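Asks: Got a structure here, written out as C-alpha cells. Questions coming.
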Amino acid sequence: MDWNRQQHSPMPSHRYRDIFRKVPVAPVDREWPDRRITTAPLWVPVDLRDGNQALADPMDPERKRRFFELMIAIGYKEIEVGYPSASQTDFDFVRMLTTSDLVPDDVTIVVFTPARPDLIARTVESVAGMRGQVVIHMYAATAPVWRDVVLRRTRDELASMIYAGSEEILRLAGDSVRFQFSPEVYNLTEPDYVLELADHLTKQWDATPERPVIMNLPATVEVATPNVYADQIEYMHQNLPRRDGVILSVDLEVESHGLLPTGSRRGLQIWVVHQASPACEQAVNTTSPLPATCTATKRSSITSSSGSQPVPSRVRRCWPGRPVSNVVTRAISPLT
C-alpha cells in the first residue's frame, strides 16, 4: 500500500548542502536533553530594533515610545531599544529615552551597532548621559559565505575588524556600559573561530561575574533542526573561556528553534516524529546495551500536574544525534 502521497518539491534542493557539509558541528557530551528550567530566563525583547527593521512602515518615535511603555508595563527589565546609527529616527528615540524619565531605574537599555568605528561613535553618542545601566551590543557576520561574498575578508582580517570595534567601544564608553557581542550567523560559523573571538573579547572587556559580558549566538538563517542548534549552544557552554563571567544568549530567528523538542509559539503547533533505528528500538524495548548513537539517563519519577508518577528507570534517547529521515509535521492554523 502506497500510503505516502506527498510529492517532492520542484525546488532544486539537490543544489544545496546540509549544515553538516557546510560547517563542523562539534560533538558534545549532551546535557541539554535532561536540563530543566528552574529559574526564569532573562527575556530581552528586540521588537523596537529587529522587529521594527522588518516592518514595511517602521515605527516613528511616538509609536516606539508607546511600545516601550507597554514593555515596561509587562515587566521587561532589559530592552533592546534601537539601532541608533542606522537612522535619525532611531537615534532621536534613544536620545529621548536618555534625556527623559521614561526609563525606570531597574531597567537596562540595549543599543545595537555594527563593528565599525564611525557607527560605534554614533551609538555611544546616543546613550551619553543615560542614568541607568546600558549595554552596547556589537555584531559582525562571521560565517564563511558572509566573510567571502559580503565582507570579502579572511578570518584574520575579520577578527582584526571586530577587535578594533571592541577596543573603540571600550575607549569611548569605558566602565559606563556593559558589553555584548553577536557573531551573526553563528549556526553556520566554525565553532573554533567563535571560541577564538570569544576568548579575545571576554578578556579585552574583562568579563567577570560582577560585570558579565553577553555572548549572543544567533541562528540567523534556519538551516537545521532544533537539536543541532542545541548541540551548538552546548558546545559553547562547555568550552567558552571565562564562562562564569559570560551570559550565554540564545537568539531565535523564527519559530522552529523555540521547539525543543516540541511546543507551540504564535499559534503554530508542531510535532516532530522520528523513526527510530532498529538497534535503538531494540534497546528501548529490551535490556540490550545502548548503541553509540543513543544516550541514557536514570530517573525514578516525574512530576506533572497530576502528581508524581513512576517511569522506567532508563530513558534512552536516540533523537538528539540522529539526522532526520522520516518526519511528520502537523501544523494547526491559528485561525482554526
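Asks: For segment 116-127, take each phi angle, set θ = phi - 60°, evaluate the Karplus expression 6.51 cos²θ - 1.76 cosθ + 1.60, and give the result in whole Hz per residue in order, putting x for glycine and proline.
Replies: Listing the rounded values in order: 10, x, 5, 7, 5, 4, 5, 5, 4, 4, 5, 9 Hz.
Asks: Report the chymotrypsin sites (Phe, Trp or Tyr not before Pro) located in segment 24-132 that are in a DSSP loop and have at most 13 other Cβ atoms inside 10 Å of their Cβ, or state none.
Replies: Answer in residue order: 43.
Asks: Separate question: Sequence-distant or interchain residues sharing an amide H contact under 5 Å with residue 135, placed H: which?
Replies: Under 5 Å from the amide H of residue 135 lie the amide H atoms of 109, 110, 111, 178, each far enough along the sequence or on another chain.
Asks: Can you list the GluC sites (Glu not before Pro) in segment 186-243 that are in a DSSP coil and have 10 or fewer other beta carbons within 10 angstrom?
Replies: Filter output for segment 186-243: 210.
Asks: Same structure, new question: Distance from a point 7 Å along Cα→Cβ of residue 63 to each backbone N in segment 92-135: keep the residues under 17 Å and list them by number.
Replies: Flagged as within label range: 92-94.
Asks: Assuming R0 = 41 Å, can you tell me the calculated FRET efficiency for the pair residue 128 and residue 149, based on Cβ-Cβ distance, to the nearest 0.05?
Replies: Using R0 = 41 Å, I get an efficiency of 0.70.
Asks: According to a simple spin-label model (label point 7 Å from Cα along Cα-to-Cβ), what is the distance in nm between residue 167 and residue 16?
Replies: Result for the modelled spin labels: 4.0 nm.
Asks: Any chance you could run the full-extension gain for residue 244 through residue 176? It's 0.36 nm times the residue separation minus the Cα-Cα distance, nm to one decimal.
Replies: Contour length minus Cα-Cα distance gives 22.4 nm.
Asks: Taking amide H positions as placed 1.01 Å from N in the peptide plane, with prolines and chain starts having none, which residues 5 or more places from residue 140, or on another chain, fall under 5 Å of its amide H?
Replies: For residue 140, the qualifying residues are 182, 184.
Here, each number is a calculation from the coordinates, and none is a lab measurement. Small disclaimer: the values here were computed from a predicted structure and weren't measured. In this analysis, Cβ positions are derived from the backbone assuming ideal geometry, glycine residues included, and neighbour counts consider all displayed protein chains.
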